[in-house]
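Down below is the structure, laid out as structure tokens.
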Amino acid sequence: MTRLGTTAENYEWTIAVLDGPNIANIGHERGHRDHTLHDWEELDQLVNKVADLLGIRIIHYASNYEGKLLEWLHTHARDVDGIVVNPGSLTSYSEGLRHALEETVKPYVEVHFFNTVKHFARVSPHIRLESKITASATGVVSGFGQHSYTAALIGLVDLLDERAAAEKKEA
């Protein structure tokens with residue numbers, strides 16, 4: 001880890017955190033929950049607290065509509081250095097979101113509150129379901145509830161720092 005507890009050079013990254021359908025409804029679910037959050041605002045506060053500790057800027061956007069997520073990426077991707085995305089209910093079906101993420105040419109980390117492999121095996125044991133987003137993601141963090149976001153931010157920022165340091169060294 002290059003940021004927390006070290007004197008390594010810190011770059012000022014801007015990270016987009018995108019939440020897909022149903023994520024803004026957290027805290028209002030029925031039945032089992034894979035997090036301890038009361039609402040989306042609490043998730044937003046956690047993400048921003050981690051960002052402050054890392055010395056980065058966050059743009060947090062949530063929408064229940066795939067088209068709005070795509071439009072946001074098309075409009076704002078040039079303003080960010082990396083992306084953390086929870087595709088929500090778009091996970092298994094959204095070629096459009098995956099294409100938009102790929103077209104940004106930015107590193108992105110897919111996050112989920114729950115372990116997606118375990119979830120898909122449970123809900124559909126005879127049909128192979130998987131995330132459409134994972135294939136081109138830089139990384140995936142799942143199964144740690146809201147802490148999946150924390151791990152994704154730390155990993156993405158460290159990756160960006162390492163790439164920048166390597167480029168600086170080559171120059």
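The values are calculated or read from the model by the stated rules, or taken from the named source; none is laboratory data. Fair warning: this is a prediction, and the values are worked out from it, not measured in the lab. We place every Cβ from the backbone using ideal geometry, glycine too, and count neighbours over all the protein chains shown.
What to note about this one:
- Residue within the stretch 86-93 that is surrounded by 13 or more Cβ atoms within 10 Å (Cβ to Cβ) and part of a strand (DSSP E or B) present: yes
- Residue in the stretch 121-130 that is out of contact with any Cys (no Cβ under 8 Å at 6 or more places or on another chain), at pLDDT 85 or above and in a helix (DSSP H, G or I) present: no
- Residue ID - nearest to Ile15 (Cα to Cα), chosen from residues in the stretch 139-153 that are in contact with a helix residue (DSSP H, G or I) (Cβ under 7 Å, 6 or more places away or on another chain) and touching a residue at least 40 places away in the same chain (Cβ under 8 Å): Leu153
- Residues satisfying the stated conditions in the stretch 49-69, i.e. exposed (fewer than 13 other Cβ atoms within 10 Å of the Cβ) and of a type in the set (Lys, Arg): Lys49
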